[in-house]
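The structure appears below as structure tokens.
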Amino acid sequence: MTDMRERARRALVPFLIFVVTALVYVITLGDRRSSPSPDNHFVHLAESFLHGQLGVLGNTAPGTNDWALFEGRWYVSFPPFPALVIAPLVAIWHMATLDRLFWALLAGVAPALIFVVLRALNERGHTKRSLLDQLLLTTLFAFGSVYFFTAVQGAVWFAAQIVASILLALYLLFSLDAKRPVLAGLMMGLLFVTRPTTALGAIFFGIEALRMARAADAKVAGEDASMWTRAWVWLSGVNVRVAAKQIALFSGPILIIVGVAMWFNEARFHSPLEFGHRYLQIRWSSRIERWGLFNYHFMSKNMAVFFAALPWLSAVSPYIKISRHGLALWFTTPNLLTALWPKRVNATMVGLFLATALVAALNLAYQNSGWVQFGYRFALDYMPFLIVLLAMSGRRFGWGFWAFAIFAIAVNTFGAVTFDRVWEFYDGDASQDVIFQPDL
């Protein structure tokens, strides 16, 4: 009985976070909650699966937005796991499934799990954050980041990032201290079939496994040693057999899921590595044919959005406009800058920094910036890593941090309320060429 009471007590705060955030998301969703999204690709894919098919039922593209055509058949090219998530509802309501309402409710899970991760950091001695600090960081993720506007859209591109955020939080929870290698591997495998770019985040578990496999009396390099010397001395203290066992357990689920994904791709597009984005019927398919989906060629434009895209100010109503490429990450959540200047750095933080950098670099090499969006939504592929880095930074959350958090919540609330609804605030250019405000 005592154990049950303790479990109920521990579940109370995460449950309340889920209820509050999901309620806010559903309210913000507005009248969109009463109808399916016009871009409900995952509902179509789930319906196809339920009928034992890989292509779109009836072999007719249900719209004009991001449908793949290959050898005379229409397909959903987006990785399939979110379709499996919504499949139970599709089995009941079929194409009438209120996917936007479902994704908004599901979006409340990620903030609750972020709180659980932050609490686990405290309990395992990685941080000494108060409950108020943990709730502040949870709120920052839920309402002070691009997660807010993403949670209230429901369309296919945003739905995938809601599912990925949940999986990333679970991946962090299971990877911390290399505690649950099989479950961490399962989450990473499911991330691959949700948002494939997140797969490079697997390095975090690898470093945690190495850290936990170091001997208790392993040597530590001196303060004056170079970075490379420190890394070498640190690695020399690792018990390779122990680390290899953990990494093997982690890799097992990933290999199985990747194998299924490769079969899925081969069955549709005759290539195990092709999800189908090369066959999207879009205006800029020529650039994909020339440069591929990922290329250094795309980094300049994407970095301009990532670093420098700001609101356009005007003396004419409505006085503010936003490029369809969205706003810079530091502008929508300025608190994230704190993560770049921690008071201390340890191996766990190095793993998080590396995971963030690798995933971010791959996204910056992608063939578009996340178009169309309020803010740089691809940052959600590593936002949970950044939230944990903020918690581990060792810096006190003073009035400046709180001021930035209030600003972030205000900015992202504006985005959640206006994006895809009040188009007066958004630039009408559809060429993807306009990032900055024209001079004339």
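Some observations on this one:
- Any pair with Cβ under 7 angstrom, 6 or more apart, that starts in the stretch 121-138 at a residue that is under 17 Å from Leu176 (Cβ atoms) and ends at one that is surrounded by fewer than 18 Cβ atoms within 10 Å (Cβ to Cβ) and of a type in the set (D, E, K, R): Asn122/Lys128; Arg124/Asp177
- Restricted to the stretch 326-440, the set of helices (runs of 4 or more DSSP H) holding at least 2 residues that are surrounded by fewer than 14 Cβ atoms within 10 Å (Cβ to Cβ) and without any contact (Cβ under 8 Å) to a residue 12 or more places away in the chain comprises 399-418.
- Test: residue in the stretch 59-68 that is of a type in the set (Asp, Glu) and farther than 30 Å from Phe401 by Cα: yes
- Residues of the stretch 1-23 that are among the β-branched types (Val, Ile, Thr) and touching a helix residue (DSSP H, G or I) at 6+ places or on another chain (Cβ under 7 Å): Val13, Ile17, Thr21.
- Counted residues, the stretch 250-285 - those being under 23 Å from Val56 (Cα atoms) and in contact with a Gly (Cβ under 7 Å, 6 or more places away or on another chain): 4
- Residue in the stretch 64-80 that is within 25 Å of Phe374 (Cβ to Cβ) and out of contact with any helix residue (DSSP H, G or I) (no Cβ under 9 Å at 6 or more places or on another chain) present: yes
- Residue pairs whose Cβ atoms lie under 8 Å apart, sitting 6 or more positions apart in sequence or on different chains, and linking a residue in the stretch 296-310 that is of a type in the set (Gly, Ala, Ser) to a partner that is part of a helix (DSSP H, G or I) and surrounded by 13 or more Cβ atoms within 10 Å (Cβ to Cβ), are Ala309/Phe331.
- Failed condition for Glu208, given (1) buried (at least 19 other Cβ atoms within 10 Å of the Cβ); (2) among the acidic types (Asp, Glu); (3) at pLDDT below 95: (3)
- Test: residue in the stretch 287-296 that is surrounded by fewer than 13 Cβ atoms within 10 Å (Cβ to Cβ) and at pLDDT 95 or above: yes
- When Leu45, Leu101, Leu50, Leu89 are checked against the criterion of being hydrophobic (A, V, I, L, M, F, W, C), out of contact with any Leu (no Cβ under 6 Å at 6 or more places or on another chain) and surrounded by fewer than 16 Cβ atoms within 10 Å (Cβ to Cβ), Leu50 stands alone in meeting it.
A quick yes/no check of all residues on (1) surrounded by fewer than 24 Cβ atoms within 10 Å (Cβ to Cβ); (2) within 14 Å of Pro14 (Cβ to Cβ); (3) of a type in the set (Lys, Arg):
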| residue | (1), (2), (3) |
| --- | --- |
| Val116 | yes, yes, no |
| Thr127 | yes, no, no |
| Gln134 | yes, yes, no |
| Leu140 | no, no, no |
| Ser145 | no, no, no |
| Thr150 | no, no, no |
| Gln153 | no, no, no |
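- Any hit, the stretch 59-77, residues being outside any loop (DSSP other than H, G, I, E, B), among the hydrophobic types (A, V, I, L, M, F, W, C), surrounded by 15 or more Cβ atoms within 10 Å (Cβ to Cβ) and out of contact with any Phe, Trp or Tyr (no Cβ under 8 Å at 6 or more places or on another chain): no
- Residues satisfying the stated conditions in the stretch 313-354, i.e. out of contact with any Lys or Arg (no Cβ under 7 Å at 6 or more places or on another chain) and charged (D, E, K, R): Lys321, Arg324, Arg344
- Boolean, Arg396 is basic (Lys, Arg) and under 17 Å from the mean Cα position of the chain (by Cα): no
- Some residue of the stretch 173-193 being closer than 26 Å to Phe275 by Cα, modelled with pLDDT of 95 or more and surrounded by fewer than 15 Cβ atoms within 10 Å (Cβ to Cβ): yes
- Criterion applied to Trp103, Trp93 was being touching a Gly at 6+ places or on another chain (Cβ under 6 Å) and part of a helix (DSSP H, G or I), and the one residue passing it is Trp103.
- Of the helices (runs of 4 or more DSSP H) lying entirely inside the stretch 134-239, the ones with 2 or more residues being closer than 22 Å to Leu390 by Cβ are found at 147-151, 156-175, 181-192, 203-212.
- Note on the stretch 3-35: residues that are crowded, with 18+ Cβ neighbours inside 10 Å and more than 20 Å from Ser145 (Cα to Cα) total 2.
- The residues of the stretch 64-93 that are in contact (Cβ under 8 Å) with a residue 24 or more places away in the chain and either at positive phi or of a type in the set (Val, Ile, Thr) (or both), listed by number, are Thr64, Asp66, Val76, Val85, Ile86, Val90.
The values are calculated or read from the model by the stated rules, or taken from the named source; none is laboratory data. Not measured: the values here are computed from a predicted model. Cβ: placed from backbone, ideal geometry, glycine included. Neighbour counts: every protein chain shown.
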